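> Dropping a structure here in structure tokens format, bear with me for questions.
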Amino acid sequence: MRGMLREDGLTIYGQPARHSIPAGHEPEGRMEATALQKRLIACAHATPAPGTGLCASWVEQAFSRLGLGVVRGDAAHIFATCCRRTDLADLKVGMVLAVSSHPWAMGGRVHGHVGLYAGDEKVMDCVDARVRTVPLLLWLDTYGVMGEVRWGWLGNIPLS
């Protein structure tokens, strides 16, 4: 991130360089999740990476294993149609987190990036043809450099 920071602590794109979780705004923990939310995370763990640059496809495949239908679109489309929330207190297990654009890959500038909130301040996503789990704040700091990260239910189908 060096070279992307301004003196005021914002990125060169005007976004916060470091995110935090304010007291009283903690996201949902895995223990508070419903059975359906927990099943989605189990499906995500069982869904292999479909390939490089296919984060949205991985999320869609994990979600389709629940039998609730298929949602199609790239990360930017998911961001625009499903993700409206920004208060971490609203972040629930199984919600998608997305950005419409990021600077870390050519495809990311055009298509954005999307992951699944796995609970306990962890995010699962598909990067470089592998599924990984990373800390929530690291994910927000990494993908929120160009624009706001937002979250919501994929296909606007609430699981809680």
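> Restricting to DSSP H runs of at least four residues, report the calculated mean residue ellipticity at 222 nm for the chain, -39500 (n - 2.57) per run over all residues, nearest 500 deg cm²/dmol. Could the numbers behind the result be given before it?
Details: 5 runs with 44 residues, N = 160.
It lands at -7500 deg cm²/dmol.
> Output the relative contact order of the stretch 49-134, whole-number percent, from Cα pairs under 8 angstrom with separation of 6+ residues.
That works out to 34 percent.
> What is the sum of charges, Lys and Arg at +1 and Asp and Glu at -1, for the other residues whose Cβ falls under 15 Å from the Cβ of residue 54? Let's see the in-between values first.
Working: positive: 72, 130, 132; negative: 60, 74, 125, 128.
Result for the local shell: -1.
> Let a ≥ b ≥ c be the square roots of the eigenvalues of the Cα gyration tensor of the chain; is it rounded (a/c under 1.5), or, if not, prolate (a/b larger than b/c) or oblate? Can you show the working numbers first?
Working: a/c = 1.87, a/b = 1.31, b/c = 1.42.
It comes out oblate by the Cα gyration axes.
None of the figures in this text is laboratory data; all of them are computed from the coordinates on show. Since this is a predicted model, take the numbers as computed values, not measurements. Here Cβ is always computed from backbone atoms with ideal geometry, including for glycine, and neighbour counts include all displayed protein chains.
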